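Peer 1: Sending over a structure as structure tokens; questions will come in a sec.
Bear in mind these aren't lab numbers, they're just calculated from the coordinates by the rules spelled out. Here the structure is a predicted model, which means the values were calculated and not measured. Cβ placement follows ideal geometry from the backbone for every residue including glycine, while neighbour counts extend to all protein chains displayed.
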């Protein structure tokens, strides 16, 4: 498996994230908005790591599948954890009281294991598809 030198659309996604962050920080908190913020930030961090440390490298298929599975795991767990971090930051910036209810915080906490498992399975599945598509019989 060969990892791409550059992640297609990375700079475009980074620019869109910067605009979204500027708009997100000034508006009242909504759960879906902070989940998007946490997820896209995690995707950008993973894409940057892939470009920096794996860009252009070739590795055995088994190791490549492991990398994609771990990346999926990090995506799932990181999305939930960064969502909680951004919920805290948003509440700290707005001085009018809690931005998110206990129910919303509890919802994110209880879905964190699910997001982690789904991310792992997604990364594993995509890695297996990628590894299988490289074989020609």
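Peer 1: Roughly what angle does helix 10-26 make with the longest principal axis of the chain, taking Cα atoms, 0 to 90 degrees, to the nearest 10?
Peer 2: Result, in degrees: 10.
Peer 1: Rounded to whole Å and ordered largest first, report the semi-axes of the equivalent ellipsoid of segment 10-133 derived from its Cα gyration tensor (root of 5λ). Numbers along the way, then the final one.
Peer 2: Numbers: eigenvalues 194, 59, 17 Å².
Each semi-axis is √(5λ); the values are 31, 17, 9 Å.
Peer 1: How long are the semi-axes of the ellipsoid equivalent to segment 64-137, from square roots of 5 times the Cα gyration tensor eigenvalues, in whole Å, largest first?
Peer 2: Values: eigenvalues 260, 24, 9 Å².
Semi-axes, largest first: 36, 11, 7 Å.
Peer 1: Further question: How far is helix 31-49 tilted, in degrees, relative to the longest principal axis of the Cα atoms in the chain, given as a value from 0 to 90 rounded to the nearest 10?
Peer 2: It works out to around 40 degrees.
Peer 1: For the pair residue 117/residue 88, report the inter-label distance in nm, with labels modelled 7 Å from Cα in the Cβ direction.
Peer 2: 2.6
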